[in-house]
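Step one of this worksheet: look at the structure below.
Just so it is clear, none of the values below were taken in a lab; they were calculated from the coordinates. Source: prediction; values computed, not measured. Here the Cβ is made from the backbone with ideal geometry for all residues, glycine too, and neighbour counts use every protein chain on show.
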Amino acid sequence: MRLGVCYYPEHWPRERWAADARQMAELGISHVRIGEFAWARFEPEPGRYDWGWFDDAIATLHAAGLKLILGTPTATPPKWLVDRDPSMLAVDADGQVRGFGSRRHYCFSSASYRAECRRIVTAMAERYGEHPAVVMWQTDNEYGCHDTVESYSGSAREAFRDWLAARYGGVATLNAAWGNVFWSMAYRSFDEVDPPVGTVTEPNPSHVVDYQRFCSDQVASFNAEQVEILRRLSPGREITHNFMGAFTAFDHHKVGGDIDLATWDSYPLGFLDMSPFPEDMKQRYLRQGHPDFQAFHHDLYRGCSAKWGVMEQQPGPVNWAPNNPAPLDGMVRLWSLEAFAHGADLVSWFRWRQCPYAQEQMHAGLLRVDAEPAPAFAEARAVARDLEAIKNEVTKPARVALIWSYDGQWIHHAQPQGAGLDLLRQSFETYAVLRRLGLDIDIVSPSAELGDYGMIILPGLPHLPDALMASLKSSSAQIVALCRTGSKTQSFQIPSNLAPGALQDVLDLKVTRVESLREGIVEPVEMHGEQRGVERWREAVETTLPARARYADGEPFWIQDGTVSYLAGWPQTELLGHILATLALEAGIELVLTHEDVRLRNLGNLRFAFNYGPEAVSLSGMAPDGVDYVLGGPDLAPAGVAAWRI
């Protein structure tokens, strides 16, 4: 359990560096991330390096006992490089070149830019790769931020054609996979294929999904080039990349497979303000963030690599959302401890000191602009003390697995068949229901081992790979497939045997019709003499199996065969909670019903409770009487944290 902070020595006078380093160490910080935006300072002119100032910064931080995370500076190529090679710039879907003046102004497919990246990363690693203070590297920064995964440049077009040729072998195979007989879209060669932009109406969804796969592979190969250099020149150091929240434009499992530590940047208040959550929820959790959003991403990125952490934890108001409130007192501590409760190896705050200029001058830090402590400073100190009480606990595998697929999200997104419907929403809403039942959840890829889980959730995965189906067939867990599961082939066609496709090997059921429903429409479902609801999506099915719940018109909704269940519609929260609770109990999984604002998480032999609400809450019914509290107690204040031995 390591504490870190993001620091930019190039933003401050040298005479301040030693005081900053000493204060960081006194606060309980052990790790400092530096360097990820400093290419123009490292190389002010082509081929002329200026390392002296960075040598001094590293020496100053090292002298204070701090360990360093060095960021490769490839997210911010300098102006001279852009002027020398404008072909490196990305092009958006409207044909606009994305120019210099902020960050992430490059195309992943530019061979010339990749060569420059290899050069600067090699130079950094040769100079600092074996420095005793350097314990970790971060590749680039926030791949894809500002919608920069997809580029439609000439370089991307040519690389996409090569990618298609490698994937399909011949253009006839591509035409068949995409169904290009439709609307006379057939190609004579791969050289005729362009990126799927600029079409009169929607482009072929198979084309769209393959372009997303191509763009994702470009990110992964870009990252792999840096990882190879760092492993060779800086052996024994961990490598990370800082992912983002609610961002699905590339396969994080693939990138995560090349690094040691998947980290992400957690900004609960900014995410809430920019989200599609209802207005009443935004008001209730204005200063806390959604109670499940952070945890969802903790568990998502925990499933992407051997270890995980938070590289940028929000310490105060941010600058980039439409509205930027300050956290409720105690929330910076809560967010940080919740990450550790989910098994984080590192939590690092962004940033050490608020910058007085440029784009992020309104983004808070642990210190104010005048170098005095900001409100989060004391909370960071409290977290350092709290870790002494919990530092020997280690996360254990959960009993519940939720299968998440980036490729599945691209399929949903390419043709959602209804406003606001996609796999991310389906997965998150399912995760939130499971959390309200007091359950720990592992979010895992379709290729993960599933043997020890008691319940496995398929949240509408449109395509079920062979390896996943083999795991499901051999599992004794309760398997729950939500609507839209198995609804497409890998090439984005309706399966010849209809949905749920390959799942029919273990479930005698065919989906014969689907409909998306306007907001406000609720289809009643009767179960145990009570009426609950389905919204957004309804399916008609053919099956010989009995239904455990039916629509009010008698059509099947919840169909089960042995340990495999299928839900032929998008259940409202209460209905989904009832079904998942029933199946969890049948699988022998313990449930703890929680207060609407309280979330639980187990870490080793500790159980944590986090109060996201604006009012105090009693833990009666969630924690046994007389338990041994390690943190807090039975009455949980707003932003309060409690932990007790189980």
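Before anything else, pin down the relative contact order of the range 1-72: Cα pairs under 8 Å, at least 6 apart, normalised by residue count, whole percent.
Value for the range 1-72: 41 percent.
So for the chain, taking the charge dipole from beta-carbon charges (+1 Lys/Arg, -1 Asp/Glu), which of Val193, Val347, Tyr211 sits furthest toward the positive end?
Checked the options; the winner is Val347.
Give the residue from Met622, Phe608, Pro638 lying farthest towards the positive end of the charge dipole for the range 586-638; charges sit on Cβ (+1 for Lys and Arg, -1 for Asp and Glu) and the dipole is referred to the Cα centre.
Of the candidates, Phe608 comes out farthest on the positive side.
Test of understanding: ordering Met136, Met185 by Cβ neighbours within 10 Å, fewest first, what list do you get?
Neighbour counts put them in this order, fewest first: Met185, Met136.
Return the subset of Lys396/Lys488; Lys396/Lys473; Lys254/Lys396 for which the Cα-Cα distance in this structure is over 29 Å, preserving the input order.
Flagged as over cut-off: Lys396/Lys488.
Leaving out same-chain residues fewer than 8 places away, which aspartates and glutamates sit with a Cα under 17 Å from that of Lys510?
Glu539, Glu542, Glu555, Asp561
Would you mind giving the three semi-axes, in whole Å and largest first, of the ellipsoid equivalent to the chain according to its Cα gyration tensor?
Its equivalent ellipsoid spans semi-axes of 41, 35, 20 Å.
Counting other Cβ atoms within 10 Å, keep those with at most 12, restrict to DSSP loop, and tell me which chymotrypsin sites (Phe, Trp or Tyr not before Pro) in the range 293-381 are left.
Tyr357
So what's the Cα pair-distance distribution over the range 379-533, bin width 10 Å, in %?
Bin by bin from 0 Å, the calculated values are 9, 32, 33, 15, 8, 2.
Restricting to Cα pairs below 8 Å that are 6+ residues apart, what does the relative contact order work out to for the chain? Please round to a whole percent.
Across the chain, relative contact order equals 10 percent.
Mean shadow of the range 28-116, computed from the convex hull of its alpha carbons, in nm²?
7.2 nm²
Would you be so kind as to identify which of Leu591, Gly71, Thr263 lies farthest towards the positive end of the dipole of the chain, taking Lys and Arg as +1 and Asp and Glu as -1 on Cβ and the Cα centre as origin?
Most positive-ward Cα: Gly71.
With each pseudo-label sitting 7 Å past Cα toward Cβ, what's the Ala115-Lys282 distance in nm, one decimal?
Here the answer is 4.8 nm between the modelled labels.
Quote the charge dipole size of the range 400-586 about the Cα centre in Debye, to the nearest 20; the model charges only the Cβ of Lys and Arg (+1) and of Asp and Glu (-1).
The calculated dipole for the range 400-586 is roughly 260 debye.
Taking θ = phi - 60°, what integer Hz values does the Karplus form 6.51 cos²θ - 1.76 cosθ + 1.60 yield along the range 362-374, in sequence order, with x for Gly and Pro?
Per-residue couplings from phi come out as 9, 8, 5, x, 6, 10, 6, 4, 7, 6, 7, x, 7 Hz.
Could you work out the relative contact order of the range 410-495, using alpha carbon pairs under 8 angstrom and six or more residues apart, expressed as a whole percent?
Answer for the range 410-495 is 26 percent.
Pull up the cross-link candidates among the lysines for Lys282, meaning alpha carbon to alpha carbon under 23 Å and not fewer than 8 places away within one chain.
none
Between rounded, prolate and oblate, where does the range 530-574 land on the alpha carbon gyration tensor, with a ≥ b ≥ c its root eigenvalues, rounded for a/c under 1.5, else prolate if a/b exceeds b/c?
Prolate shape, in that a/c is at least 1.5 and a/b is the bigger ratio.
What fraction, in whole percent, of alpha-carbon pairs in the range 365-465 exceed 23 Å separation?
Of all Cα-Cα pairs in the range 365-465, 52 percent lie more than 23 Å apart.
Within straight cross-link reach of Lys67, meaning Cα distance under 24 Å, which lysines are found once same-chain residues fewer than 8 apart are removed?
Leaving aside lysines fewer than 8 places away in the same chain, those within reach of Lys67 are Lys307, Lys391.
Count charges around Tyr113 for me, please; just the other residues with Cβ under 15 Å from its Cβ, Lys/Arg as +1, Asp/Glu as -1.
Computed value for this residue: +1.
Could you pull the Rg and Dmax for the range 72-211, using just the Cα atoms, both in Å?
Final numbers for Rg and Dmax: 18.5, 62 Å.
Order these by the 10 Å Cβ neighbour count, fewest first: Ser266, Ser474.
Ser474, Ser266
Report the charge-dipole magnitude of the range 426-501 in Debye, nearest 20, computed about the Cα centre from +1 at each Lys and Arg Cβ and -1 at each Asp and Glu Cβ.
Here the range 426-501 has a charge dipole of around 280 debye.
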